[in-house]
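K.L.:
Dropping the structure in here first, questions after.
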Amino acid sequence: MLRLVVASDDYDRIQALKQGKVAIEGCALDYLTLEPGETFTRLFRKHEFDISEMSFSTYMVALSQGEFPYRAVPIFLSRVFPHGSIYVRTDAGIRAPRDLKGRIVGVPSYHFTRGLVVRGMLQDEYGLKPSDMRWLIGGVDRPEDFSYVAKPHPPGVEVEFVAPDRCLADELAEGRIDAIISYRDPRLFLDGNPVISRLFGDFRAAEQDWYRRTQVFPAMHLIGIRTTLLREHPDLAIRVCRAFDQAKAACLPRLVDLDSLKVTLPWLVAETRATMALMGSDFWPYGVTKNLRMIETQARWSFEQGLSSRLFSPSALFDPSTLAWAP
């Protein structure tokens, strides 16, 4: 029995695996439930885990910088559309994406996946290049360090760092920056401070329209497996994919169960049905084939934005045994 340390956040789609209701064949798991920030710091700096949730963008950066001791498999644990992640200062005259040109935009790191996807969307949809803005790096609500890979220095892009005792919310509240791209709502926004608002007020409608036209559902995080384990156990990647896919399949029926709502959301079933109507019954797909457009798009963005030193193909990103896996 192969004993493995697995780390991820506490998603509904991993519960059956975490609880032992689904197994990775031939493996016993020590499952660590960690926030992504802690997972990524420990993974990218110390290579602590055997199987781990990974930032998609940071993985591409690390892989392009040389040998990286993990290889991805096409299990996408976290996915988010980009439009709702852009916040602007309400008195800065920013009413549309084009108004971001020449502005200072705060991000927690330049290489994080949410920023990659937002910048890619802004360029593809509105012709707004990363070099059209200035970038300030810092924690959103408190000073933080997200430099768990070497800091990218994209050519032609002005990137600076916030003072050690400052955070992006302070900078925006005091008018030193014009916008923030964040992985979660800034505290200013949650508190209802009138100084901040979303660039896309009806971000859901904007994201649904974008999906209809592009068929891209961006992946923030995927699963990585230690490469030494993959060499020693050539079928491990497929066994891992099957287990995560079975765990996801176990959670999906709960989203349409009216008998007793499993999520604290009154119209959970209606929301799930509306999502299926737009995106199909398999609206959170795993595997390379079902995600090929998304993978190629995000790889292109990483290369175009000067994060990856080369344009990755799916075969360069994912373990070879998983390329033809079709759940």
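The values are calculated or read from the model by the stated rules, or taken from the named source; none is laboratory data. As the structure is a prediction and not an experimental result, all values here were calculated from the model. Quick reminder, even Gly has a Cβ in these numbers, built from the backbone with ideal geometry, and neighbours come from all protein chains shown.
K.L.:
Please go through region 177-186 and give me each residue that is closer than 21 Å to A163 by Cα and modelled with pLDDT of 95 or more, ordered by number.
P.N.:
Once the filter is applied, which keeps residues that are closer than 21 Å to A163 by Cα and modelled with pLDDT of 95 or more, region 177-186 yields I177, D178, A179, I180, I181, S182, P186.
K.L.:
Being touching a strand residue (DSSP E or B) at 6+ places or on another chain (Cβ under 6 Å) and closer than 17 Å to A173 by Cα is the filter; apply it to region 104-117 and report the residue that is surrounded by the fewest Cβ atoms within 10 Å (Cβ to Cβ).
P.N.:
I104
K.L.:
Next question. Mind checking which pairs have a first residue in region 151-163 that is without any contact (Cβ under 8 Å) to a residue 60 or more places away in the chain and a second that is surrounded by fewer than 12 Cβ atoms within 10 Å (Cβ to Cβ), Cβ under 8 Å, 6 or more apart or different chains?
P.N.:
Pairs that qualify, where the first residue is without any contact (Cβ under 8 Å) to a residue 60 or more places away in the chain and the partner is surrounded by fewer than 12 Cβ atoms within 10 Å (Cβ to Cβ), are V159/H153.
K.L.:
Restricting to region 63-85, give me the number of residues that are of a type in the set (A, V, I, L, M) and either surrounded by fewer than 21 Cβ atoms within 10 Å (Cβ to Cβ) or out of contact with any helix residue (DSSP H, G or I) (no Cβ under 6 Å at 6 or more places or on another chain) (or both).
P.N.:
3
K.L.:
May I pose another question? Of the residues in region 130-160, how many are surrounded by 14 or more Cβ atoms within 10 Å (Cβ to Cβ) and outside any loop (DSSP other than H, G, I, E, B)?
P.N.:
Residues that pass the stated criteria total 8.
K.L.:
Something else about it: Taking region 176-185, which residues are part of a loop (DSSP other than H, G, I, E, B), closer than 15 Å to H83 by Cα and not polar (S, T, N, Q)? Lay out the reasoning, then the answer.
P.N.:
Restricting attention to region 176-185, the residues satisfying the condition of being part of a loop (DSSP other than H, G, I, E, B) are 176-178, 182-185.
Okay, now just the ones that are also closer than 15 Å to H83 by Cα, so 182-185.
Within region 176-185, Y183, R184, D185 qualify.
K.L.:
Only residues in region 237-257 that are farther than 17 Å from E25 by Cβ and assigned by TED's automatic domain parsing to the domain that holds F76 count as the first member; pair them with residues that are of a type in the set (A, V, I, L, M) and modelled with pLDDT of 95 or more, Cβ under 6 angstrom, at least 6 apart or cross-chain, and list the lot.
P.N.:
V256/V269
K.L.:
Does region 233-240 contain at least one residue that is exposed (fewer than 15 other Cβ atoms within 10 Å of the Cβ) and more than 30 Å from W325 (Cβ to Cβ)?
P.N.:
Within region 233-240, not a single residue is exposed (fewer than 15 other Cβ atoms within 10 Å of the Cβ) and more than 30 Å from W325 (Cβ to Cβ).
K.L.:
Sticking with this structure for a sec: From the list V105, V118, V162, which residue is modelled with pLDDT of 95 or more, over 17 Å from the mean Cα position of the chain (by Cα) and aliphatic (A, V, I, L, M)?
P.N.:
Details: V118 fails: over 17 Å from the mean Cα position of the chain (by Cα); V162 fails: modelled with pLDDT of 95 or more.
Every option except V105 fails the conditions.
K.L.:
Just to be sure, is F189 farther than 27 Å from E53 by Cα, assigned to a helix (DSSP H, G or I), at pLDDT 95 or above and out of contact with any Leu (no Cβ under 9 Å at 6 or more places or on another chain)?
P.N.:
On the way: farther than 27 Å from E53 by Cα: yes; assigned to a helix (DSSP H, G or I): yes; at pLDDT 95 or above: yes; out of contact with any Leu (no Cβ under 9 Å at 6 or more places or on another chain): yes.
Yes.
K.L.:
Could you check how many residues of region 209-228 are buried (at least 17 other Cβ atoms within 10 Å of the Cβ) and farther than 20 Å from S55 by Cα?
P.N.:
So the first thing to find is which residues in region 209-228 are buried (at least 17 other Cβ atoms within 10 Å of the Cβ), and the list is 210, 216-226.
Those still in the list that are farther than 20 Å from S55 by Cα too: 210.
Qualifying residue count for the region: 1.
K.L.:
Please specify each residue of region 174-186 satisfying the condition of being closer than 29 Å to F40 by Cα and either surrounded by 15 or more Cβ atoms within 10 Å (Cβ to Cβ) or assigned by TED's automatic domain parsing to the domain that holds R293 (or both). Break it down stepwise before answering.
P.N.:
Start the filter on region 174-186 by keeping residues that are closer than 29 Å to F40 by Cα, which leaves 177-186.
Once the filter is applied, which keeps residues that are closer than 29 Å to F40 by Cα and either surrounded by 15 or more Cβ atoms within 10 Å (Cβ to Cβ) or assigned by TED's automatic domain parsing to the domain that holds R293 (or both), region 174-186 yields I177, D178, A179, I180, I181, S182, Y183, D185, P186.
K.L.:
Being loosely packed, with under 15 Cβ neighbours inside 10 Å and out of contact with any helix residue (DSSP H, G or I) (no Cβ under 6 Å at 6 or more places or on another chain) is the requirement here; does G127 meet it?
P.N.:
Working: loosely packed, with under 15 Cβ neighbours inside 10 Å: yes; out of contact with any helix residue (DSSP H, G or I) (no Cβ under 6 Å at 6 or more places or on another chain): yes.
Yes: the conditions hold for G127.
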